[in-house]
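Worksheet: one structure, shown below.
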Amino acid sequence: MALMGQMMSMPLLISSLIQHAARHSGDTEIVSKRVEGDLHRYTWKDAELRSRQAAQAFARLGLKAGERVATLAWNGYRHLEIYYGASGSELVCHTINPRLFPEQIAWIANDAQDALLCFDLSFLPLIEKLAPHLSTLRHLVLMTDRAHMPAQTSLPNLLCYEELLAAEDGHYDWPQFDENAASSICYTSGTTGHPKGAVYSHRSTVLHAFASALPDAMDCSRKDVILPVVPMFHVNAWGLPYSSAIVGCKLVMPGPHLDGKSLFELFESEGVTFSAGVPTVWLGLLNYVGANQLKFSSFKRTVIGGSACPPAMLKTLMDDYGVEVIHAWGMTELSPLGTLSRLTAKQLTLPQEQQRRLLEKQGKVIYGVDMDIIDDEGQALPWDGQSAGNLVVRGHWVINSYFGQQGSPLQPVHDAAGVAQGQWFPTGDVATIDADGFMQITDRSKDVIKSGGEWISSIDLENIAMAHPAVHEAAAISARHPKWDERPLLVVVKKPGQALSREEMLAFYEGRIAKWQIPDDVVFVDEIPHTATGKIQKLKLRELFKDHSLPS
Ligand code: ADP
């Protein structure tokens, strides 16, 4: 038998993250904007104690290992305590996106068989309506104190979170168990069909947190002040509640206040250095700072992902505000981080313009995940920065199967010589990878515009439109065409008070893209529909414009 390592074997458990933060960064602050309206401050040490009390409270309510504790809540300290209290005591934290349709919320809660639901005050009316449809719930907990409990509610036996915690003494040893046990569940937003649950394990979560904090990933440090704009119900705020505990930095939670003004004020008052979010929230923040001619005094770095970061946004943040943009790609099935765009030593010697082009891509994988691009037959394609193929991934924090579903989503891949390369997860994205391993998403496979057998990247078309000074937001979708099957249609929201004609918009494409890829038409709208995670709802747009007749 091989010689075995003689090192301590300790399971990688989520509780160890907050224990570490409490022991070694105990007095570092966690600041939360509360639903109640005020600002709450305490420390990692306080957070750990209250997480233990939450774990005791869940046990007192009769929850058993593996049962699901659901949340409908904004980013805040109580939500953080539930993350750690539930997962740390071998329960499974199920964060539900409150921006989903009520029927979808009920469907997800029932599918996950949630036993207990903790929710913020803002969602009381929603839960009053939904409660009769939530068939597996045994307990409802309102995440507030006695003073804010409603005088009247249709909910029977509504529990008060602060009272539950006050009844516990916190004398609780975090249990040790198999690191492969489930820690949390997130559902994909289900743009097609029902949402599907991705079940993370303690092991996958801790490894993801380790890797995502690395310098070539999110570059998190104990010197940082991190404000996750990305909600804790969107793939666990991209792991920031865990990676910030690993580095033991100050954490700032924005609550429900995600408008430009509220965010800017919180960034400034708390000295935020690092943040993360989808492009749409940065649009709001940048509009606010631009309109009021403000500058950030501490904000240094941000991760942008969830959908493609328009180069124009990257440029504004970097050149006008001195904020480094880390463009990242990931998905719910990947916990979510897959790639981030950070330059290599070799690339840092390139001219500025070339460096920019690289930063605009989705970037390189972090150790722990691997990726490839394949054709429809499963054959790996060359990494030449040109060949576009289906992006597949595998790794320690990539799903193996969906919650409660038979069968595996994985598919076999082989190299050009036909040699099997094992099983990979198909992401549904189309991408190129260059010789340095920089990946660029050209589209979601269902969003590519197929014009006469050629593919046009909707992201490319959107990025160009977004660079026009009068454009607030743009979406490129396919419209039916009698000869070419599909042709690009550009849907544009203008910036307030700006004039822009169809002809001016189309002329802007000249010289920026091949002529045959220029959209056939432009429509101006007041608003583009977004999904519950803040992405452009292409499906809805395609429906809205399905009868649009293109000029011949
Ligand atoms: P949903 O959008 O269904 O809520 P996810 O949040 O898991 O689910 O989204 C994952 C998808 O978002 C990816 O498969 C990809 O299409 C898109 N995406 C994420 N980051 C980027 C990015 N930086 N550029 C382009 N697309 C991205």
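The values are calculated or read from the model by the stated rules, or taken from the named source; none is laboratory data. Please read all numbers here as calculations on a predicted model, not as lab measurements. Every residue, glycine as well, gets a Cβ built from its backbone with ideal geometry; the counts of neighbours run over all protein chains shown. We work out accessible area using only protein heavy atoms, side chains counted, and drop any ligands, DNA or RNA first. Shrake-Rupley method; radii C 1.70, N 1.55, O 1.52, S 1.80 Å.
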Could you work out how far the C-alpha centroid of region 111-159 sits from that of region 12-32, in angstrom?
29
Computed on alpha carbon atoms, what radius of gyration and Dmax characterise region 18-320, expressed in Å?
18.8, 55
Alpha-carbon centroids, region 254-287 and region 510-552: separation in whole Å
28
Would you please give the residues with an amide H less than 5 Å from that of Val523, counting only those at least 5 places away or on a separate chain, with H modeled from the backbone geometry?
Leu490, Val491, Val492
Apportionment of accessible area to carbon and sulfur, the chain, percent (1.4 Å)
52
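If the only charges are +1 at each Lys and Arg Cβ and -1 at each Asp and Glu Cβ, what is the size of the charge dipole of the chain around the Cα centre, to the nearest 20 debye?
On the way: 48 positive and 62 negative charges, 77 e Å.
It works out to roughly 360 debye.
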So what's the back-of-envelope 222 nm ellipticity for the chain, counting only DSSP H runs of four-plus at -39500 (n - 2.57) apiece and dividing by all residues, rounded to 500?
-7500 deg cm²/dmol
For region 477-552, what is the accessible area per residue in Å², given a 1.4 Å probe and the full set of protein chains?
58
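Figure the gain on full extension for Asp436 and Asp38 (residue separation times 0.36 nm, minus the Cα-Cα span) and round it to one decimal in nm.
On the way: separation 398, 0.36 × 398 = 143.28 nm, distance 4.81 nm.
My answer for the length gained is 138.5 nm.
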What angle do you read, to the nearest 10 degrees and between 0 and 90, between the alpha-carbon axis of helix 102-111 and the longest principal axis of the chain?
60
Diffing region 221-238: the Karplus 3J(HN,Hα) column from phi (6.51, -1.76, 1.60, θ = phi - 60°), in whole Hz with x for Gly and Pro, holds 9, 5, 7, 7, 10, 9, 10, x, 7, 4, x, 5, 9, 10, 6, 6, 6, 6
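With the other protein chains left in place, how much accessible area per residue, in square angstrom, belongs to region 18-320 at a 1.4 angstrom probe? Mind dumping the intermediate values first?
Details: 11110 Å² over 303 residues.
Heavy-atom SASA per residue in region 18-320 reads 37 Å².
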Cut-off under 21 Å on the C-alpha distance; same-chain residues fewer than 8 positions from Lys515 excluded. Which lysines are left, in chain and number order?
Lys450, Lys483
Compute the acute angle (0 to 90°) between the alpha-carbon long axis of helix 202-212 and the principal axis of greatest extent of the alpha-carbon atoms of the chain; round to the nearest 10°.
50
Given H placed 1.01 Å from N in the peptide plane, which residues other than close sequence neighbours of Ser183 have an amide H under 5 Å from its amide H?
Tyr200, Ser201, His202
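Beyond a 25 Å Cα-Cα separation, which of these cross-linked pairs lie in this structure: Lys295/Lys495; Lys33/Lys540; Lys33/Lys196? Can you show the working numbers first?
Values: Lys295/Lys495 21 Å; Lys33/Lys540 33 Å; Lys33/Lys196 31 Å.
As for pairs spanning more than 25 Å Cα to Cα, those are Lys33/Lys540; Lys33/Lys196.
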So, relative contact order of region 447-544 in percent, Cα under 8 Å, 6 or more apart, is 26
If amide H atoms are built 1.01 Å from N in the plane of the peptide, which residues on other chains or at least 5 residues away come under 5 Å of the amide H of Ile326?
Thr302, Val303, Ile304
Given Gly330, Ala345, Leu358, which one lies farthest toward the positive end of the charge dipole of region 275-363, if we put +1 on the Cβ of every Lys and Arg and -1 on the Cβ of every Asp and Glu?
Ala345
Note, ³J(HN,Hα) from phi for region 348-356, Karplus 6.51, -1.76, 1.60, rounded to Hz, x at Gly and Pro
6, 8, 6, x, 3, 4, 5, 4, 4
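Computed over the Cα atoms, what is the radius of gyration of region 447-544 divided by 2.2 N^0.38 Å, N being its residue count?
Details: Rg = 12.9 Å, N = 98, 2.2 N^0.38 = 12.6 Å.
Relative to the 2.2 N^0.38 Å estimate, region 447-544 comes out at 1.02.
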Rounded, prolate or oblate: which fits the chain when a ≥ b ≥ c are the square roots of the eigenvalues of the alpha-carbon gyration tensor, with rounded for a/c under 1.5 and prolate only if a/b beats b/c?
prolate
In degrees from 0 to 90, rounded to the nearest 10, what is the angle of the helix 260-270 Cα long axis to the longest principal axis of the chain?
50
Kirkwood-based Rg to Rh ratio, region 1-135, C-alpha trace:
1.06
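For Glu324 and His414, compute 0.36 nm times the residue count separating them, minus their Cα-Cα distance, and round to one decimal in nm. Let's see the in-between values first.
Values: separation 90, 0.36 × 90 = 32.40 nm, distance 3.79 nm.
Using 0.36 nm per residue and subtracting the Cα-Cα distance, I get 28.6 nm.
Using r as the Cβ-Cβ distance of Ala291 and Asp145, and R0 as 51 Å, what FRET efficiency do you calculate, to the nearest 0.05?
Values: r = 37 Å, r/R0 = 0.73.
For R0 = 51 Å, the calculated efficiency reads 0.85.
How high is the relative contact order of region 68-189, in percent, with contacts defined as C-alpha pairs under 8 Å that are six or more residues apart? Write out the running numbers ahead of the final one.
Working: 173 pairs, mean separation 37.0, N = 122.
Relative contact order, region 68-189: 30 percent.
What percent does the relative contact order of the chain come to when contacts are Cα pairs within less than 8 Å and at least six residues apart? Spell out each step's value before the answer.
Values: 1167 pairs, mean separation 56.6, N = 552.
In percent, rounded to a whole number, it is 10.
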